[in-house]
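K.L.:
Here it is, the structure, as structure tokens.
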Amino acid sequence: MQLTFYGVRGSIPTPGANYIKFGGNTACVHIALNDGSDIIIDAGTGIRELGQKLVTKNTDIHLLLTHNHWDHIQGFPFFAPIYQPQRNIFITPGQTTLAEHDNILKQMSGSYFPVPFDTLPSNITLLTRADEILHWHIGNARIQRQKINHPGGGSAFCIEADGSKVVYITDNELYPPYKKNTDFLDWVEFARDADLVIHDAQYMLADMPAKSGWGHSVAEEAVKLSMACRAKRLALYSHDHTRTDDNIASVEAQCQELIAIAEADLVLFAAAEGMCINF
């Protein structure tokens with residue numbers, strides 16, 4: 001299994017000289033399985049560059065969406081494989097509060113986009129799984145999902161394949177002021193013994209309580225979760241659009257201090273565009 005980050009930013013793309021090291025594209029992660037299967041999680045602006053790579057292949061593409069907020073679907077109209085005749089693309093929507101499973105396609109309609117989704121030559125299939133379906137398979141991978149704590153709802157994903165376990169939990173508020181879909185101990189079980197946890201770290205404790213209820217976690221809580229579930233590695237993800245490269249490096253350093261104080265074995269890093277991890 002090989003995992004590559006194509007977009008690591010939350011809320012809105014952030015171009016500019018102060019956002020080069022970690023990148024300014026919104027959420028998108030690609031997982032290439034050893035059996036040749038391609039799994040994409042989220043379709044933020046980072047999916048555009050990924051499309052330039054995948055357009056050279058003819059394999060099926062499996063897109064897992066956490067939810068329909070713009071920063072997770074806005075790159076889809078610029079994803080080159082959707083313009084390939086007969087290319088098979090399977091989309092699993094997130095478990096949103098309103099069952100708007102086709103919003104990723106509807107953004108390509110009316111006055112929103114010049115190319116209507118119903119004119120696309122690719123074969124796009126929406127896999128609207130019932131909530132009680134908690135796991136399924138893509139190639140040799142076992143996929144699990146869990147409801148996130150986020151305004152409007154959505155899903156986190158766990159991918160187990162090729163002897164490794166990757167858990168993707170973004171736009172998730174571990175301690176929200178509203179009713180939780182998933183509590184902390186359930187997240188610990190979901191991510192238990194993961195080789196890599198990719199977790200929302202958009203805020204810091206210093207940002208609270210002003211950002212409480214906005215649907216994102218503080219980085220310190222992501223560290224706490226990863227230590228509790230005995231994860232091997234933690235990627236801080238969904239970097240706030242106001243944080244420069246230096247700001248993100250500072251968040252990373254502060255979290256490293258927490259791990260050192262706890263004398264934990266957790267390896268931590270701030271996710272950056274282009275970063276590639278082989279398992």
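K.L.:
Across segment 52-73, which residue is nearest to the chain's Cα centre (by Cα) among those that are buried (at least 21 other Cβ atoms within 10 Å of the Cβ) and of a type in the set (S, T, N, Q)?
P.N.:
Only one residue fits best here, namely 66.
K.L.:
Another one. So, in segment 79-118, of the ones that are part of a helix (DSSP H, G or I) and under 18 Å from the mean Cα position of the chain (by Cα), which residue ends up farthest from residue 58 (Cα to Cα)? Reasoning before the result, please.
P.N.:
Going residue by residue through segment 79-118, those that are part of a helix (DSSP H, G or I) are 80-83, 103-106, 117-118.
Going one step further and asking which of them are under 18 Å from the mean Cα position of the chain (by Cα), we end up with 103-104.
Numbers: 103: 25, 104: 22 Å.
This residue is 103.
Here is a yes/no grid of residues against (1) more than 29 Å from residue 203 (Cα to Cα); (2) among the aliphatic types (A, V, I, L, M):
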| position | (1), (2) |
| --- | --- |
| 30 | no, no |
| 87 | yes, no |
| 98 | no, yes |
| 104 | no, yes |
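K.L.:
Can you pull out the residues in segment 119-168 that are part of a strand (DSSP E or B), small (Gly, Ala, Ser) and exposed (fewer than 14 other Cβ atoms within 10 Å of the Cβ)?
P.N.:
Kept after step one, since they are part of a strand (DSSP E or B), are these residues of segment 119-168: 123-126, 135-138, 141-147, 153, 155-161, 164-168.
Restricting the remaining residues to those that are small (Gly, Ala, Ser) gives 141, 153, 155-156, 161, 164.
Scanning segment 119-168 gives no hits.
K.L.:
Something else: Within segment 223-248, can you find the residues that are in contact with a strand residue (DSSP E or B) (Cβ under 6 Å, 6 or more places away or on another chain), assigned to a helix (DSSP H, G or I) and hydrophobic (A, V, I, L, M, F, W, C)?
P.N.:
248
K.L.:
Among all residue pairs at least 6 apart or on different chains, which show Cβ distances below 6 Å where the first residue, located in segment 67-94, is farther than 12 Å from residue 121 by Cβ and the second is among the basic types (Lys, Arg) and at pLDDT 95 or above?
P.N.:
Between residues of segment 67-94 that are farther than 12 Å from residue 121 by Cβ and residues that are among the basic types (Lys, Arg) and at pLDDT 95 or above, the close pairs are 75/48; 78/48.
K.L.:
For segment 249-261, does any single residue satisfy the condition of being among the polar types (S, T, N, Q), part of a loop (DSSP other than H, G, I, E, B) and either in contact with an Asp or Glu (Cβ under 9 Å, 6 or more places away or on another chain) or surrounded by fewer than 18 Cβ atoms within 10 Å (Cβ to Cβ) (or both)?
P.N.:
Taking segment 249-261 first, the residues among the polar types (S, T, N, Q) are 250, 254, 256.
Now drop any that are not part of a loop (DSSP other than H, G, I, E, B), which leaves none.
So far as segment 249-261 goes, no, none of its residues is among the polar types (S, T, N, Q), part of a loop (DSSP other than H, G, I, E, B) and either in contact with an Asp or Glu (Cβ under 9 Å, 6 or more places away or on another chain) or surrounded by fewer than 18 Cβ atoms within 10 Å (Cβ to Cβ) (or both).
K.L.:
Oh, and also: Could you grab me the full set of residues in segment 50-72 that are over 14 Å from residue 28 (Cβ atoms) and in contact with a helix residue (DSSP H, G or I) (Cβ under 8 Å, 6 or more places away or on another chain)?
P.N.:
If the condition is that a residue be over 14 Å from residue 28 (Cβ atoms) and in contact with a helix residue (DSSP H, G or I) (Cβ under 8 Å, 6 or more places away or on another chain), then 55, 68 are the ones that fit.
K.L.:
Identify the single condition in (1) over 18 Å from residue 41 (Cα atoms); (2) modelled with pLDDT under 95; (3) more than 20 Å from the chain's Cα centre (by Cα) that residue 121 does not satisfy, given that it satisfies every other one.
P.N.:
Only one criterion is unmet by residue 121, namely (2).
K.L.:
Going by the conditions given, is residue 128 out of contact with any Gly (no Cβ under 8 Å at 6 or more places or on another chain), of a type in the set (Val, Ile, Thr), without any contact (Cβ under 8 Å) to a residue 40 or more places away in the chain and within 30 Å of residue 243 (Cβ to Cβ)? Give the steps one after another, and end with the answer.
P.N.:
Working: out of contact with any Gly (no Cβ under 8 Å at 6 or more places or on another chain): yes; of a type in the set (Val, Ile, Thr): yes; without any contact (Cβ under 8 Å) to a residue 40 or more places away in the chain: yes; within 30 Å of residue 243 (Cβ to Cβ): no.
Taking the combined requirement at face value, the residue does not satisfy it.
K.L.:
Return only the number of the condition from (1) in contact with a Ser or Thr (Cβ under 6 Å, 6 or more places away or on another chain); (2) part of a loop (DSSP other than H, G, I, E, B); (3) touching a residue at least 60 places away in the same chain (Cβ under 8 Å) that residue 45 does not satisfy.
P.N.:
Answer for residue 45: the failing condition is (3).
K.L.:
Okay, moving on. Among the candidates 228, 253, 270, 222, single out the residue that is touching a Phe, Trp or Tyr at 6+ places or on another chain (Cβ under 7 Å) and among the aliphatic types (A, V, I, L, M).
P.N.:
Numbers: 228 fails: touching a Phe, Trp or Tyr at 6+ places or on another chain (Cβ under 7 Å); 253 fails: touching a Phe, Trp or Tyr at 6+ places or on another chain (Cβ under 7 Å); 222 fails: touching a Phe, Trp or Tyr at 6+ places or on another chain (Cβ under 7 Å).
It is 270.
The values are calculated or read from the model by the stated rules, or taken from the named source; none is laboratory data. For clarity, every value in this text was computed on a predicted model and none was experimentally measured. Ideal geometry is used to build each Cβ from the backbone, glycine not excepted, and the neighbour counts take in all protein chains shown.
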